[in-house]
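A.B. asks: What follows is a single structure, and I will ask about it in a moment.
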Amino acid sequence: GERSLGFDIRFKQRHATDSASTAGAMATGIKTFTGGISCDIYEAPVTTIVEEAMHCGMHGGVVSSVPMLHATPAAFISHSNHRNNGPQLQRTMMETVNPTLAIGNCNGRNYPGGRFGVEHDIDYQARIADGYYGKWTVLRNEIGKPADQALAPMATMDPDDGHKVMGCFPDQASNMPYRGVDST
């Protein structure tokens, strides 16, 4: 087919995308630079589909088999000028987006509460427990415990009353277990 005026095929060759910018493009509709998460090429935050839904009175968040602030799920609930800028990812998740739901792995640094050494001194888990960001409940699961037991408290929570859930599954592991199409 025909290409638009100014199309440069070499651009794709010089600037291969990664999961951060790809997920950011899916979450915002705006293409960005490699490593950027839901921001434009000038590093300014771009509203995500989760934020749009919440601005319309709906609820939104992510459920992931990897840590909730890994590049792909993070693109829907945070903003950052680089996929490895953990303090910025944590801050924008809690202070800018503040989603209704975030479920993923909470091991390591890629969740609000993960430590980055001297990069920041904000204790997000303490702030969450104190209600600083709203009615957050942190649900944790242990390896070998059925997830439905850990999620049972959600049955009494109502997002229309401001309830928010952070689910950490399974605690102490790298990624959540999953089954393939063939149930293996």
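The values are calculated or read from the model by the stated rules, or taken from the named source; none is laboratory data. None of these values were measured; they are calculated from a predicted model. Positions of Cβ are generated from backbone atoms using ideal geometry, with glycine treated the same way; all protein chains shown enter the neighbour counts. With ligands, DNA and RNA removed, areas are computed over all heavy atoms of the protein, side chains included. Shrake-Rupley method; radii C 1.70, N 1.55, O 1.52, S 1.80 Å.
A.B. asks: With the range 1-65 as the region, which helices (runs of 4 or more DSSP H) entirely inside it contain at least 2 residues that are of a type outside the set (Phe, Trp, Tyr), open to solvent by 20 Å² or more (accessible area, probe 1.4 Å) and at pLDDT 90 or above? Walk me through how you get there before you give the answer.
C.D. replies: Numbers: elements: 9-14, 19-28, 49-55.
So the answer is 19-28, 49-55.
A.B. asks: Within the range 17-40, which residues are in contact (Cβ under 8 Å) with a residue 24 or more places away in the chain, in contact with a Lys or Arg (Cβ under 7 Å, 6 or more places away or on another chain) and more than 14 Å from residue 92 (Cβ to Cβ)?
C.D. replies: Of everything in the range 17-40, just one residue is in contact (Cβ under 8 Å) with a residue 24 or more places away in the chain, in contact with a Lys or Arg (Cβ under 7 Å, 6 or more places away or on another chain) and more than 14 Å from residue 92 (Cβ to Cβ), namely 35.
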